[in-house]
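Undergrad: Quick one: the structure is below, and I'll ask about it shortly.
The values are calculated or read from the model by the stated rules, or taken from the named source; none is laboratory data. Not measured: the values here are computed from a predicted model. Every residue, glycine among them, receives a Cβ derived from its backbone with ideal geometry; neighbour counts consider all protein chains shown. Areas reflect the complete protein model, heavy atoms only, side chains present, ligands, DNA and RNA absent. Shrake-Rupley method; radii C 1.70, N 1.55, O 1.52, S 1.80 Å.
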Amino acid sequence: MIDRATVDRIYAAANIVDIIGDYVTLKRKGVNYQACCPFHDEKTPSFVVSPSKGVYKCFGCGKGGNAVTFVMEHEGVSYPEALKMVAKRYGIQVEEREQTEEDVRRNNDRESMFALNGWTAEYFSKFMFENVEGRTVGLSYFSQKRGFTDATIRKFGLGFCSAKGDAMTQAALAAGYKEEFLLSTGLTLKRESDGRLYDRFRDRVMFPVHNISGRVVAFGGRTLRTDGKVAKYQNSPESEIYSKTRELYGLYFAKKAIQQQGYAIMVEGYTDVISMHQAGVENVVASSGTSLTQDQIRLLSRFTRNITVIYDGDSAGVKATMRGIDMILKEGMNVRVVSLPVEHDPDSFARAHTADEVRDYIQSAEVDFLSFKAKLLMREAGKDPIKRSEVIGDVVRSIVQIPDSIQRSVYIKECARTMDVDENVLIAEVARKRAMLSGDPEAEEFIRRQQSQRRRQQEQQPQQEVEVDVMRSTVAGSSVDALEYELVKYLLKAGHKSFEVMEGRRAVQINIATEILQNLEADQLTFANPIYQSILQTYREHWLRLGEGVEVPAQYFVNHPDPAVCNMAVDIMTSDDNYIASAIWAQKDVHIESEGEILTNGVPKAIMLYRSKVVERMINEQRERLKDPMISEEEEAECLQQLSKLNQVKLAIAKQSKRLIL
């Protein structure tokens, strides 16, 4: 059983277009996408995907559902397994367990909290329109000061909470809602001194926060007092149904317009969104004054890959905007920025202009984010070389976030021109930081770096034979094969040595052979390449006999009865990647990793990458078995059990990967 909160998070993250696009070729048609149905033969597309609704439907065979049920149908897996497959795509951790009485109670509690929030939103709205206090204070603020029409006010469910300390709480209790849910949603607070209940949002105008499906999950309340003794905004606390890092204000009302317009406008606050909507520009959402999060960006990416950020004209608004955009770039989205005149924010600008004027201004004023950032920061740095260097580093950090290599290349070229920097310098720095910060999981890249270092050392040591490297490169025909080579190499050349890791503040020495052999044994892994497997088995036998830290003599390999094993052992042992930088590099003041550094970084990562690749292959094999229409129930159950175990291993490897990156 997967708990309800995790299921909700999976559905919130799932981009149905991306998921189905992995299986069929989707073509955009209006706000939807079409394709030939993957579930029956057809020549005319009748399979429709609606990203705004998060559903698919085939009007030929009648099949329909959401992203998770599509994976179920296409992969032939159970619902929990489909959930886990989608969760894996978005990096969401899933722990499956049997549903308990506590799970049932928790799900019921969530529904009770949703119901209470819905009732409360109606209560605040009704109080503002029908109560004298509500009309005098709340309605006059929205209509007169903000210029919102009744239609706009009702559309967003705006309201008012009475200044009387417990009016809303008492009304909710009278309507049959329980105290525990008033407290858990944060609508009501309890005094410690006497246990008295009172309204969190008393004497505030109210902004309900809707999730993507339109249900009220939280509230924001703004005080109209000007004495500065109370916070301007009061927001609902985190709860079972609300996490501020996963919601975007206004997305429920904006998602259709975002698809139609092909981009989303990002602003800061509630009134910015509402004023833009009233002006006729509806593809607008807000982060509600909090820093953008990965969950929010992924939620928005379900509807568009293009974001235009509008910031206030003051310098503080510019700085705040730039801090959050790197995360958008990291998700592979296109970001443009619009600077408003200094006297305006999005709210006031929308109230002062028509929809066409707002759109025209955005179209004429928007610029690419990175180009804008480079120009702005370089202008501020002036001719100060230290500040200019800091600016270059700042821009590089943004470029590093972009996952697409072609897009990175374009930005590097443009920023090099803008900042008057050698393009090759930027290329090298971006490459260095991506290797250092991104923790690139592809084994091919890992091997490429390893071999590149060996080639550099060979260039500085021409007196040694280098032909073996050519021979080795022809052996490594795949990433798994290449990683098996790396692990065998570490065993033969440094298995008796140790590398250092930090446990807290204490340095611990880890024997290389022990680390490799125990990890392989723990996962019951054997090498696919029979030559490497033979070397591994031979090494293990002698290592067990000699003990940890004792070098296994080379003769057991170079004199091996199998010629293929002998040739490979000679290849490895005579290769010149002896980990030691030559004196020439030192004289050039270039840092080359020491033997200890290479072993510390290389051994754990090689093990992790190999385990990851093998486990992924095993998972794919089990999935292929499940696709067999002749599979028996017993075999299917066995496959699902194996998949569960393998996914647990995959999760453990992913956690290890994060530690290695850190």
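Undergrad: Give me the residue from the range 389-415 that is open to solvent by 70 Å² or more (accessible area, probe 1.4 Å) and farther than 26 Å from R305 by Cα and, out of that set, nearest to the chain's Cα centre (by Cα).
TA: Taking the candidates together, the pick is E390.
Undergrad: Taking the conditions exactly as written (at pLDDT below 85 and surrounded by fewer than 18 Cβ atoms within 10 Å (Cβ to Cβ)), does E122 satisfy them or not? It would help to see each step written out before you state the result.
TA: Numbers: at pLDDT below 85: no; surrounded by fewer than 18 Cβ atoms within 10 Å (Cβ to Cβ): yes.
No, not satisfied.
Undergrad: Could you please find all residues in the range 290-309 being assigned to a helix (DSSP H, G or I) and either β-branched (V, I, T) or within 21 Å of Y270 (Cβ to Cβ) (or both)? Don't jump to the end; show me each part of the working.
TA: Within the range 290-309, the subset assigned to a helix (DSSP H, G or I) is 294-301.
Matches in the range 290-309: D295, Q296, I297, L299, L300.
Undergrad: Hey, could you check the range 318-344 for residues that are at pLDDT 80 or above, among the β-branched types (V, I, T) and more than 23 Å from the chain's Cα centre (by Cα) and say which is farthest from M266 (Cα to Cα)?
TA: Once the filter is applied, the top-ranked residue is V342.
Undergrad: Right, something else. Only one of these conditions is not met by V55: (1) hydrophobic (A, V, I, L, M, F, W, C); (2) touching a residue at least 24 places away in the same chain (Cβ under 8 Å); (3) open to solvent by less than 40 Å² (accessible area, probe 1.4 Å). Which number is it?
TA: That leaves (3) as the condition not met.
Per-residue answers, yes or no, for (1) farther than 15 Å from M113 by Cα; (2) of a type outside the set (G, A, S); (3) touching an Asp or Glu at 6+ places or on another chain (Cβ under 6 Å):
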| site | (1), (2), (3) |
| --- | --- |
| H210 | no, yes, no |
| G214 | no, no, no |
| E238 | no, yes, no |
| T245 | yes, yes, yes |
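Undergrad: Need a quick list: strands (runs of 3 or more DSSP E) entirely within the range 36-82 having at least 1 residues that are touching an Asp or Glu at 6+ places or on another chain (Cβ under 9 Å). Talk me through it step by step, then tell me what you get.
TA: Details: elements: 47-50, 55-58, 64-66.
So the answer is 55-58, 64-66.
Undergrad: For the range 489-530, name all the residues that are part of a helix (DSSP H, G or I) and open to solvent by 50 Å² or more (accessible area, probe 1.4 Å). Working first, answer last.
TA: Our first condition is that a residue be part of a helix (DSSP H, G or I); within the range 489-530, this holds for 489-494, 512-522, 530.
Answer for the range 489-530, where residues must be part of a helix (DSSP H, G or I) and open to solvent by 50 Å² or more (accessible area, probe 1.4 Å): E515, Q518, E521, A522, P530.
Undergrad: Pick from S315, S364, S348: which is among the hydroxyl-bearing types (S, T, Y), open to solvent by 10 Å² or more (accessible area, probe 1.4 Å) and modelled with pLDDT under 85? Break it down stepwise before answering.
TA: On the way: S364 fails: modelled with pLDDT under 85; S348 fails: modelled with pLDDT under 85.
None of the others qualify; the one that does is S315.
Let's see how each residue does on (1) within 23 Å of the chain's Cα centre (by Cα); (2) at pLDDT below 80:
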| residue | (1), (2) |
| --- | --- |
| E595 | no, yes |
| T600 | no, yes |
| Y610 | no, no |
| V614 | no, no |
| I619 | yes, no |
| R623 | no, no |
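Undergrad: Something else about it: Are any of the residues in the range 187-196 assigned to a loop (DSSP other than H, G, I, E, B), modelled with pLDDT of 95 or more and more than 30 Å from D368 (Cβ to Cβ)? Spell out how you get there, then give the answer.
TA: Taking the range 187-196 as the starting set, the residues that turn out to be assigned to a loop (DSSP other than H, G, I, E, B) are 187, 191-196.
Within this subset, residues satisfying the condition of being modelled with pLDDT of 95 or more are 187.
Pick out the ones that are also more than 30 Å from D368 (Cβ to Cβ) and you get 187.
So far as the range 187-196 goes, yes, one or more of its residues are assigned to a loop (DSSP other than H, G, I, E, B), modelled with pLDDT of 95 or more and more than 30 Å from D368 (Cβ to Cβ).
Undergrad: Quick one: is D203 in contact with a Cys (Cβ under 8 Å, 6 or more places away or on another chain) and either modelled with pLDDT under 95 or surrounded by fewer than 23 Cβ atoms within 10 Å (Cβ to Cβ) (or both)? Steps first, please.
TA: Details: in contact with a Cys (Cβ under 8 Å, 6 or more places away or on another chain): yes; either modelled with pLDDT under 95 or surrounded by fewer than 23 Cβ atoms within 10 Å (Cβ to Cβ) (or both): yes.
So D203 fits the description; yes.
Undergrad: Would you please name the residue that is surrounded by the fewest Cβ atoms within 10 Å (Cβ to Cβ), looking only at residues in the range 3-19 that are closer than 15 Å to R110 by Cα and among the aliphatic types (A, V, I, L, M)? Steps first, please.
TA: Here is the first cut: in the range 3-19, the ones closer than 15 Å to R110 by Cα are 3-9.
Still in the running and among the aliphatic types (A, V, I, L, M): 5, 7.
Values: A5: 14, V7: 19.
Checking each candidate, the answer is A5.
Undergrad: Please verify whether the range 540-563 includes one or more residues that are open to solvent by less than 40 Å² (accessible area, probe 1.4 Å), aliphatic (A, V, I, L, M), modelled with pLDDT of 90 or more and not in a strand (DSSP E or B).
TA: There is no residue in the range 540-563 that is open to solvent by less than 40 Å² (accessible area, probe 1.4 Å), aliphatic (A, V, I, L, M), modelled with pLDDT of 90 or more and not in a strand (DSSP E or B).
Undergrad: Which residue, of S112, S78, is in contact (Cβ under 8 Å) with a residue 40 or more places away in the chain and surrounded by fewer than 16 Cβ atoms within 10 Å (Cβ to Cβ)?
TA: S78
Undergrad: From (1) within 16 Å of I619 (Cβ to Cβ); (2) without any contact (Cβ under 8 Å) to a residue 40 or more places away in the chain; (3) basic (K, R), pick out the condition that doesn't hold for K29.
TA: (1)
Undergrad: Answer yes if at least one residue in the range 386-408 is without any contact (Cβ under 8 Å) to a residue 40 or more places away in the chain, in contact with a Leu (Cβ under 7 Å, 6 or more places away or on another chain) and among the acidic types (D, E), and no otherwise.
TA: The answer is yes; a qualifying residue exists.
Undergrad: If you don't mind, another one. Within the range 288-312, restricting attention to residues that are among the polar types (S, T, N, Q) and open to solvent by 20 Å² or more (accessible area, probe 1.4 Å), which residue is modelled with the lowest pLDDT? Break it down stepwise before answering.
TA: Keep residues of the range 288-312 that are among the polar types (S, T, N, Q), which gives 288, 290-291, 293-294, 296, 301, 304, 306, 308.
From what is left, the residues that are open to solvent by 20 Å² or more (accessible area, probe 1.4 Å) are 288, 290-291, 293-294, 306.
Details: S288: 71, T290: 62, S291: 68, T293: 81, Q294: 80, N306: 90.
So the residue we want is T290.
Undergrad: Say we look at the range 127-167 and pick out the residues that are under 39 Å from the mean Cα position of the chain (by Cα) and open to solvent by less than 10 Å² (accessible area, probe 1.4 Å); which of these is farthest from L183 (Cα to Cα)?
TA: Among those that are under 39 Å from the mean Cα position of the chain (by Cα) and open to solvent by less than 10 Å² (accessible area, probe 1.4 Å), it is F148.
Undergrad: Tell me whether the range 362-377 contains one or more residues that are over 25 Å from Q294 (Cβ atoms) and in contact with a Leu (Cβ under 9 Å, 6 or more places away or on another chain).
TA: Among the residues of the range 362-377, at least one is over 25 Å from Q294 (Cβ atoms) and in contact with a Leu (Cβ under 9 Å, 6 or more places away or on another chain), which makes the answer yes.
Undergrad: Next up: Find all pairs meeting these conditions: Cβ atoms under 6 angstrom apart; at least six residues apart or on different chains; first residue within the range 210-227 and basic (K, R); second residue modelled with pLDDT of 95 or more and open to solvent by less than 10 Å² (accessible area, probe 1.4 Å).
TA: R222/V205
Undergrad: Something else: What tally of residues in the range 176-217 results from selecting those that are at positive phi and not small (G, A, S)?
TA: Looking only at the range 176-217, we keep the residues that are at positive phi, and these are 176, 186, 195, 203, 214.
Within this subset, residues satisfying the condition of being not small (G, A, S) are 203.
Residues that pass the stated criteria total 1.
Undergrad: What's the number of the only condition in (1) more than 22 Å from F253 (Cβ to Cβ); (2) hydroxyl-bearing (S, T, Y); (3) in a loop (DSSP other than H, G, I, E, B) that S213 fails to meet?
TA: Just one mismatch for S213, condition (1).
Undergrad: Could you run through the range 250-287 and say how many residues are in a loop (DSSP other than H, G, I, E, B), crowded, with 23+ Cβ neighbours inside 10 Å and in contact with an Asp or Glu (Cβ under 8 Å, 6 or more places away or on another chain)?
TA: Selection size over the range 250-287: 1.
Undergrad: Within the set of pairs 6 or more residues apart or between chains, which connect a residue that is hydrophobic (A, V, I, L, M, F, W, C) inside the range 612-628 to a residue that is open to solvent by less than 50 Å² (accessible area, probe 1.4 Å) and in a helix (DSSP H, G or I) with Cβ atoms less than 6 Å apart?
TA: V615/L646; V615/V649; V615/K650; M618/L646; I619/L646; L626/C639
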